[in-house]
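Take a look at the structure below.
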Amino acid sequence: MKSEAPIGVFDSGVGGLSIWNEIHHLLPNESTIYLADSLNAPYGDKGKQTIIELSIKNTELLLSKGCKLIVVACNTATTNAIGHLRENYDVPFIGIEPATKPAAISTNTKKIGILATKGTLASELFINTSSAFRGNVEIIETIGEGLVPIIESGNLNEANNLLKKYIMPMVEAGVDNIVLGCSHYPFLIDQIKAMVPDGVTIIDSGAAVARQTKNMLELSSLLSNEKDSTIEFFTNAKIEVLNMFLQKIGVDRYQSSYLKF
Ligand code: DGL
């Protein structure tokens, strides 16, 4: 595999752009191809087998475009499908999981909240990794039912009522760290920060995923020095929504297209 080959990134929609953004800032010389599988969003309400099948479809498309490494920029797909992907494909995979560990380490109240999809919270991987912290820390899990479709519609302000319903009970229960366990939710971070008291920290995993991607490329001798890296985004749903989010994160030069997949 050549180091100039692109990094592939996929998510159930536009949410993983929050992760793509961190990767692009850390690794500006890397070419990237992003797939927004918005047609099939939300993944969070689907069963494990369906999530695996959708992840296979996205992976095979990225591999057909010559990707050297794949970032599963979706907690739901990572926690349900990354084991299967790693067993069946010969490229490195980087996944994203709720940042339970940093939250559990830094909490003073010994109570943390995790806002994630049903599919993530019910997954074996999440249950196993979070069990290591449960003795010392109380973890309040909340399913962010309905948030992903609102984000996918592009009308972020419509999420305020649901956010209050999900976030305020955690605050009232005394959490001092809230983990955003879904890559869509960082697009709601300003709204969430505006509703929580000062002492509550909101944690997401985007920067950690970018660092892990860099480490993996270094380890595999696949880091690119390309000056003319290319950036491509594909959606199988509304291109206007994808473009709106690209403007929101301030990408300067890119190609975005509709693609049936
Ligand atoms: N963005 C995804 C995640 O990180 C999935 C959201 C969904 O499609 O339900 O979990």
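The values are calculated or read from the model by the stated rules, or taken from the named source; none is laboratory data. In this text, all values refer to a predicted model and were calculated from it rather than measured experimentally. Cβ: placed from backbone, ideal geometry, glycine included. Neighbour counts: every protein chain shown. Calculation scope for accessible area: heavy atoms of the full protein, side chains included, ligands and nucleic acids excluded. Shrake-Rupley method; radii C 1.70, N 1.55, O 1.52, S 1.80 Å.
Numbers below:
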quantity: Number of the exception - residue 85 against (1) open to solvent by less than 10 Å² (accessible area, probe 1.4 Å); (2) touching a residue at least 40 places away in the same chain (Cβ under 8 Å); (3) of a type outside the set (Gly, Ala, Ser); calculated: (2)
quantity: Inter-residue pairs, beta-carbon under 6 Å, first touching a residue at least 24 places away in the same chain (Cβ under 8 Å) and in the stretch 106-132, second among the small types (Gly, Ala, Ser) and in a loop (DSSP other than H, G, I, E, B), 6+ apart; calculated: 109/174; 111/174; 115/144; 117/44; 118/44; 119/44
quantity: Residue in the stretch 63-70 that is within 13 Å of residue 11 (Cα to Cα) and either within 14 Å of the ligand (Cβ to nearest atom) or assigned to a helix (DSSP H, G or I) (or both) present; calculated: no
quantity: Candidate set: the stretch 17-56, residues that are within 13 Å of the ligand (Cβ to nearest atom) and in contact with a His (Cβ under 8 Å, 6 or more places away or on another chain); chosen: the one least open to solvent (accessible area, probe 1.4 Å); calculated: 55
quantity: Candidate set: the stretch 224-261, residues that are surrounded by 17 or more Cβ atoms within 10 Å (Cβ to Cβ), assigned to a loop (DSSP other than H, G, I, E, B) and of a type in the set (A, V, I, L, M); chosen: the one modelled with the highest pLDDT; calculated: 237
quantity: Residue in the stretch 72-88 that is nearest to the ligand (Cβ to nearest atom), counting only those that are in contact with a Ser or Thr (Cβ under 6 Å, 6 or more places away or on another chain) and β-branched (Val, Ile, Thr); calculated: 76
quantity: Within the stretch 192-217, considering residues that are part of a helix (DSSP H, G or I) and open to solvent by less than 30 Å² (accessible area, probe 1.4 Å), the one farthest from the ligand (Cβ to nearest atom); calculated: 217
quantity: Search result, residues across the stretch 168-188 that are more than 10 Å from the ligand (Cβ to nearest atom), open to solvent by less than 10 Å² (accessible area, probe 1.4 Å), in a helix (DSSP H, G or I) and in contact with a helix residue (DSSP H, G or I) (Cβ under 9 Å, 6 or more places away or on another chain); calculated: 188
quantity: Set 30, 22: member being in contact with an Asp or Glu (Cβ under 8 Å, 6 or more places away or on another chain) and touching a residue at least 12 places away in the same chain (Cβ under 8 Å); calculated: 30
quantity: Residue selected from the stretch 112-135 under the condition more than 14 Å from the ligand (Cβ to nearest atom) and surrounded by 18 or more Cβ atoms within 10 Å (Cβ to Cβ), by the criterion farthest from residue 43 (Cα to Cα); calculated: 112
